[in-house]
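Structure, as structure tokens:
The values are calculated or read from the model by the stated rules, or taken from the named source; none is laboratory data. Source: prediction; values computed, not measured. Here the Cβ positions follow ideal geometry from the backbone for every residue, glycine too, while neighbour counts run over all protein chains shown. Note: areas computed on protein heavy atoms with side chains; ligands, DNA, RNA excluded. Shrake-Rupley method; radii C 1.70, N 1.55, O 1.52, S 1.80 Å.
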Amino acid sequence: MKQITGNSNRIGIWRWLMGGRHGFEGYLYVLHRISGVALLLFLSMHVFFTGSRLLGQETWERLMSMTRGPVFVFLEYLVYCAFIFHAFNGVRLILIELGIAVGRPDHPVFPYRGSIHKQRPLMIVLMIVTGILIALGGFDLLRFPH
Ligand code: HEM
């Protein structure tokens, strides 16, 4: 069993990069929330833009002209990235919340052992798929002129 020595809270740069005491999954949690809220904002904007058709041809055309150009296309790519990440990380959260890939419960003896290492392979596989899809989307974005 690992001996607890001193009161130092230092975790070092590498462990900080990996999410400190919460592990890398801690960052994924923050990104999940940010991507969820970003998707919600996009959805509201999408409904507003498409609904503007009801306000007449001129309003519709004026709003549609704002959606052309490289900046808007790049923003659309960010929405794509947010969706891919949110969907795959969401599947990971659903599996874990259902108790899949969490492992059997241990006796709560100090220092407590988390089940994070049992969940990590699932996270790595899903994040690799996420990375591949985001890269393929970026490749498509660069391949076809907008
Ligand atoms: C395949 C599609 C999706 C999956 C699998 C998914 C999954 C999830 C899960 C499991 C959570 C709960 C996370 C937790 O346990 O704390 C969540 C939260 C959330 N999702 Fe999704 N989601 C999807 C699509 C979307 C879309 C399209 C939107 C927006 C239009 C969205 C917006 C949100 C928001 C705002 C939250 C709350 C975030 C928070 O407060 O932490 N999700 N999603």
Yes/no for His107 being open to solvent by 50 Å² or more (accessible area, probe 1.4 Å) and more than 21 Å from Gly20 (Cβ to Cβ): yes
Top-ranked residue of region 33-80 - restricted to ones that are outside any helix (DSSP H, G or I) and of a type outside the set (Ser, Thr, Tyr), ranked as farthest from the ligand (Cβ to nearest atom): Gly56
Any chance Phe88 is in contact (Cβ under 8 Å) with a residue 24 or more places away in the chain and more than 9 Å from the ligand (Cβ to nearest atom): no
Neighbours by Cβ (under 9 Å, 6+ apart or cross-chain): first from region 50-69, over 25 Å from Leu141 (Cα atoms); second open to solvent by 70 Å² or more (accessible area, probe 1.4 Å) and of a type in the set (A, V, I, L, M): Trp60/Leu54
